[in-house]
């Protein structure tokens, strides 16, 4: 691509990125709206929403539930998924293709089907729905994503490193905890962050299995009918800014490191 | 990451030297049992529920039966929503590809010489994941509302008639779906383009290929795994989505998709057999479409 | 960890003997090593030389404990370690890909083995080992920040610091460029004589094996073909494989016509070739005789017959390639095939040209007679190499190599 084409892709991509940012910026801006009842029309700047986040009924409770569910589901899914990923790469076993199908299917199934299926199961089993059933559901759909993420890391792990550990007087346990695990850790962390993000923002599956308990997304969904309070924007914006700061720091430092290495 | 899920899966090269050991069972069993219990059994529950019939004595209760005609009933009643779902999802996938591919190309190839800029652009693509997608959708709804800036602007230019609205239209729903899935489309394509060795492109030019034919014959095939992952990651959830099409967000009763019908039947009307039958129809249709697509694309090893 | 085979405190006094008794290794579907016996004396620098797929890497992995032998015993310093786990054997390996732990610093890498054995003063010993390879100033770096040659030396320090009874080197110089390889060969040799450990070096590079080792064992198809000091292997190869794998050889096969107390004369396609009795493995029947290319002289006219020289010819020069120090000629002799001759460019003597008629001669004392059969027919020479088990072995070794490189 030369001449005009070269500029066209810059302009087009910049426009696409701006497009992606519009609702994010809107959400953040309206977290400062002096909105009183409905946060639709701009009524002036205020910090009140940020200072008294929990003023809006139930929003902090919902946020706390979401954090709790996210943490528990992440720990469960990351543990189970990491174990499966190691087994898939390292071991031979029967029913391998059935196993990979079982891992692939939850990712290829629309959330509404996953949600309705679990709800039907809980209904038939007579299980009361609430935070517990939400955690069970979130863990289920996170496992496959953990497996995919960690598996790539296990596969790229050089077996010679573990052999070198065995050669250097490390017992099987020492090899795992001092070599294998630290080397897998970036992959496991990425999987855990992904699980948390998926769980935290999940609405559809949650909505089928939450009973009377409220998560942050279900709070927003329910509030949408009568107007979402600006405090919800505050929470979403705070989470966003925190996550973006973390990602920016890690991405930019990684890029800078790559550049240093390339120059060295 | 989720967006790269399908892409990483297709490219992970694995050592062939696998051992057989009882440890494998220990590692696999807890996770697989979990998936069996909370993925397979629920599917079975759906099958059972979908065949139930109303309890003749207690209103709103259902008893186990084998009412296969439940499927015929829901299909006859809800086929417009089902067709609309796949139509909307296909359109959203197409538009997301039209926006996502050039964006991925730009970040993965054009920005290669500026690693910091590349990292920044990548963060911008990932950014929507960090803010509640319901709030993003609400933001569009309010921007598109009848008193909002977009409608006012278009009416001022007389592009839109004075009494017309955007929210509640099919356009708004497809727009919302497209917006929502652009990152899911862009990131897998970026992942495959990022690894693309520019020497291939140079070799293409060296062998007397025009830029266009180099793109078609070299770049595009190398990006194919990413495109495939991106389309799957967009199409599947888009077809089952019910937030964008719901009345409180960008849609109206005229734009209802199959997800809305399943939700309404399950959570509001409590017509569980209908919801279950519709869920299974949706899942079956998607599995058929996906397997045909995967077969035609030639990459069957998705995970 | 209180295993008596592992030196508990600091550095071992010296290397130990290694003895392999009847080692066999079978993988599903093929045999990599068949009934291998090998004894390496303490303190020696021993090279195991062979083409890829000969079983040498498998041998190394068996000694390290990374594979289990199907049959046979492994003894280190007289102690049977066949059943001992890799992490309990007094053996350390320098891996082909170095296998440095990427998440640890250079110092942590080198101290790793000492710390696992809870040796006191691990850090000081690690610094000492790094000084030995002249890299102590980089001890705080991560392996990714080092060059290939530096990584190689860290890998060496990481192994040597444990003062293992036996140090295994798996093609440790394979990834380096030629110049660095030569330099490292000298350094390795120097370190070996400094620390006095037993080194077992696996390589497919015959020049590397000959430069560095006191003793070279040439391995082929899971069997050791010949073993001895490099000069002996080169000057007096016992088998066709050794004669052609270790350097180049001109070989010809014929029937013995006379056999005296000192000399055996072989008729090769109507021409007589003499070989000293003690330099041939066979004394009757069909014998393959050979001579190294640099031992052969070219003559433009038929040389006078001399009891101390073998003469073949006439032949025709079919290829000349000049390489500065020497010139390589290919001479086709009717009924005998192509002979290679290396001529030192010591004087601006008359060059032979493509198409010239020439005679070949060499001292009878430089001739050798091989133990195995017909060398002139390539079919018999390479038939065994292409059978399925060989291919399988090669696949396996290639895979292992790839895995270690990945």
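Table for the structure above
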read-out: Residues (in a loop (DSSP other than H, G, I, E, B) and surrounded by fewer than 19 Cβ atoms within 10 Å (Cβ to Cβ)) located in the stretch A:52-65; value: A:52, A:57, A:58
read-out: Hey, residue A:41 part of a loop (DSSP other than H, G, I, E, B), within 14 Å of chain B (Cβ to nearest Cβ) and more than 25 Å from residue A:199 (Cβ to Cβ) or not; value: yes
read-out: Helices (runs of 4 or more DSSP H) completely within the stretch A:119-203 that count 3 or more residues being within 22 Å of the chain's Cα centre (by Cα) and touching a residue at least 40 places away in the same chain (Cβ under 8 Å); value: A:131-155, A:181-201
read-out: Scope the stretch B:270-284; condition part of a helix (DSSP H, G or I) and touching a helix residue (DSSP H, G or I) at 6+ places or on another chain (Cβ under 9 Å); matching residues; value: B:272, B:273, B:274, B:275, B:276, B:277, B:278, B:279, B:280, B:281, B:282, B:283
read-out: Residue C:342 touching a helix residue (DSSP H, G or I) at 6+ places or on another chain (Cβ under 6 Å) and either within 15 Å of residue C:366 (Cα to Cα) or surrounded by fewer than 16 Cβ atoms within 10 Å (Cβ to Cβ) (or both); value: yes
read-out: Count of the stretch A:232-253 residues which are more than 7 Å from every other protein chain (Cβ to nearest Cβ) and modelled with pLDDT under 90; value: 4
read-out: Qualifying helices (runs of 4 or more DSSP H) (wholly inside the stretch C:165-275; at least 3 residues being closer than 30 Å to residue C:81 by Cα); value: C:178-195, C:206-212
read-out: Hey, residue A:179 over 22 Å from residue A:103 (Cβ atoms), in the same structural domain as residue A:87 (by TED's automatic domain parsing) and buried (at least 19 other Cβ atoms within 10 Å of the Cβ) or not; value: yes
read-out: Filter result for residue B:287 (in contact with a helix residue (DSSP H, G or I) (Cβ under 9 Å, 6 or more places away or on another chain), within 12 Å of chain A (Cβ to nearest Cβ) and assigned to a helix (DSSP H, G or I)); value: yes
read-out: Scan of the stretch A:99-122 for residues that are more than 7 Å from chain B (Cβ to nearest Cβ) and either in contact with a strand residue (DSSP E or B) (Cβ under 7 Å, 6 or more places away or on another chain) or buried (at least 24 other Cβ atoms within 10 Å of the Cβ) (or both), ordered by number; value: A:114, A:115
read-out: Test result for residue A:68, more than 7 Å from chain B (Cβ to nearest Cβ), crowded, with 17+ Cβ neighbours inside 10 Å and either touching a residue at least 40 places away in the same chain (Cβ under 8 Å) or assigned to a loop (DSSP other than H, G, I, E, B) (or both); value: no
read-out: Search result, residues across the stretch A:82-98 that are outside any strand (DSSP E or B), without any contact (Cβ under 8 Å) to a residue 12 or more places away in the chain and either at the interface with chain B (Cβ under 7 Å from one of its Cβ atoms) or under 24 Å from the mean Cα position of the chain (by Cα) (or both); value: A:83, A:87, A:93
read-out: Selected residue (only one of B:216, B:177, B:103, B:207 is more than 12 Å from chain A (Cβ to nearest Cβ) and surrounded by 23 or more Cβ atoms within 10 Å (Cβ to Cβ)); value: B:177
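To keep it simple, each residue is scored yes or no on (1) over 22 Å from the mean Cα position of the chain (by Cα); (2) more than 30 Å from residue A:184 (Cα to Cα); (3) modelled with pLDDT of 85 or more; (4) not in a strand (DSSP E or B).
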| residue | (1), (2), (3), (4) |
| --- | --- |
| C:8 | yes, yes, no, yes |
| C:13 | yes, yes, no, yes |
| C:21 | no, yes, yes, no |
| C:25 | no, yes, yes, no |
| C:37 | no, yes, yes, no |
| C:101 | yes, no, yes, yes |
| C:108 | yes, no, yes, yes |
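Let's see how each residue does on (1) assigned to a helix (DSSP H, G or I); (2) surrounded by 12 or more Cβ atoms within 10 Å (Cβ to Cβ):
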| site | (1), (2) |
| --- | --- |
| B:25 | yes, yes |
| B:32 | yes, yes |
| B:35 | yes, yes |
| B:40 | yes, yes |
| B:44 | yes, yes |
| B:58 | no, no |
| B:65 | no, yes |
| B:72 | yes, no |
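The values are calculated or read from the model by the stated rules, or taken from the named source; none is laboratory data. Everything quoted here is computed from the prediction, not taken from an experiment. Reconstructed Cβ throughout: ideal geometry from the backbone, glycine too, with neighbour counts over all protein chains shown.
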